[in-house]
Amino acid sequence: ARGNALAGRHVLVTAGPTHEPIDPVRYIANRSSGKQGFAIAGALAALGARVTLVAGPVTLPTPMGVTRIDVETAREMAAAVDAALPADAAVMVAAVADWRTEASPEKIKKTGDGAVPALHFTENPDILATLAASPARPRLVIGFAAETEKLIEHATAKRARKRADWIVANDVSVDVMGGERNSVHIVTADGVESWETLPKQAVADRLAARIAQALA
Ligand code: C5P
């Protein structure tokens, strides 16, 4: 560890996408590399925190000092988050699929006559909102908001709706997905703090330091 500002603290991080199966060979997913969430988990561990990283399907290496739990679907992620409690803070970076569909046990075959299957969607649990409203709510709950327009407005509304303490608003209209840099605004009860565009690792380091400050 590079520091001990978070020694004795348990921080829960979700990262990556979820995959919602359609059949054994197909799924629905959100676009997410997992890079920002993994960097945050590593930065928290470097400050001495015990970190549980609940990761959707990504191919990233586990950051040093981090306990990783791999999941596939939103419901598995929700269960893993629940099982990891209690925590002092939670940073929900995962791009969770909003909907799932009932998976066919067999591969859906093309009929040959141009007929297409219809997917019936069911809403997934909102892991962040559920955690923020739970009796086991961590002291500090942080959500992310990836938006392509009206960034601050949507993030502020999301903060209230999901009862998060902070929302990290992420402008994904410009080359963020899968990239190495990120442009974020921290929306808290006190207002909005805009950070310059930074490498994802630097965003992670700053956020970890801010979390340490808030928990001190
Ligand atoms: O509503 P939206 O998906 O934009 O909210 C994003 C925030 O909520 C992120 O922090 C994400 O990890 C979290 N979230 C969640 N469970 C969901 C949907 C979003 O935890 N089902």
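No other residue among Arg181, Arg137, Arg159 is more than 21 Å from Glu76 (Cα to Cα) and modelled with pLDDT of 95 or more apart from Arg159.
Among the residues of the range 107-122, is there at least one that is of a type in the set (A, V, I, L, M) and under 16 Å from Thr14 (Cα atoms)? Break it down into steps so the answer makes sense when it comes.
Step one: of the range 107-122, the residues of a type in the set (A, V, I, L, M) are 108, 115-116, 118-119.
Cutting the leftovers down to under 16 Å from Thr14 (Cα atoms) gives us none.
So far as the range 107-122 goes, no, none of its residues is of a type in the set (A, V, I, L, M) and under 16 Å from Thr14 (Cα atoms).
Of the residues making up the range 59-110, those that are acidic (Asp, Glu) and away from the ligand (no atom under 16 Å from the Cβ) number 4.
Yes or no, residue by residue, for (1) touching a residue at least 60 places away in the same chain (Cβ under 8 Å); (2) open to solvent by 30 Å² or more (accessible area, probe 1.4 Å):
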position	(1), (2)
Leu12	yes, no
Gly42	yes, no
Thr62	no, yes
Arg68	no, yes
Arg75	no, yes
Ala94	yes, no
Ile108	yes, yes
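Of all residues in the range 14-31, those satisfying the criterion of being touching a His at 6+ places or on another chain (Cβ under 8 Å) and either surrounded by fewer than 19 Cβ atoms within 10 Å (Cβ to Cβ) or touching a residue at least 60 places away in the same chain (Cβ under 8 Å) (or both) are Ile28, Ala29. Output the number of residues of the range 101-126 satisfying the condition of being of a type outside the set (S, T, N, Q), closer than 14 Å to Ala74 by Cα and touching a Ser or Thr at 6+ places or on another chain (Cβ under 9 Å). Qualifying residue count for the region: 2. Restricting the search to strands (runs of 3 or more DSSP E) fully inside the range 111-206 and requiring at least 2 residues that are within 15 Å of the ligand (Cβ to nearest atom), without any contact (Cβ under 8 Å) to a residue 12 or more places away in the chain and open to solvent by 60 Å² or more (accessible area, probe 1.4 Å) gives an empty result.
The values are calculated or read from the model by the stated rules, or taken from the named source; none is laboratory data. What you see is a predicted model; the values in this text were computed from it and never measured. Here the Cβ is made from the backbone with ideal geometry for all residues, glycine too, and neighbour counts use every protein chain on show. Just so you know, the surface numbers come from the protein's heavy atoms only, side chains and all, with ligands and any DNA or RNA stripped out. Shrake-Rupley method; radii C 1.70, N 1.55, O 1.52, S 1.80 Å.
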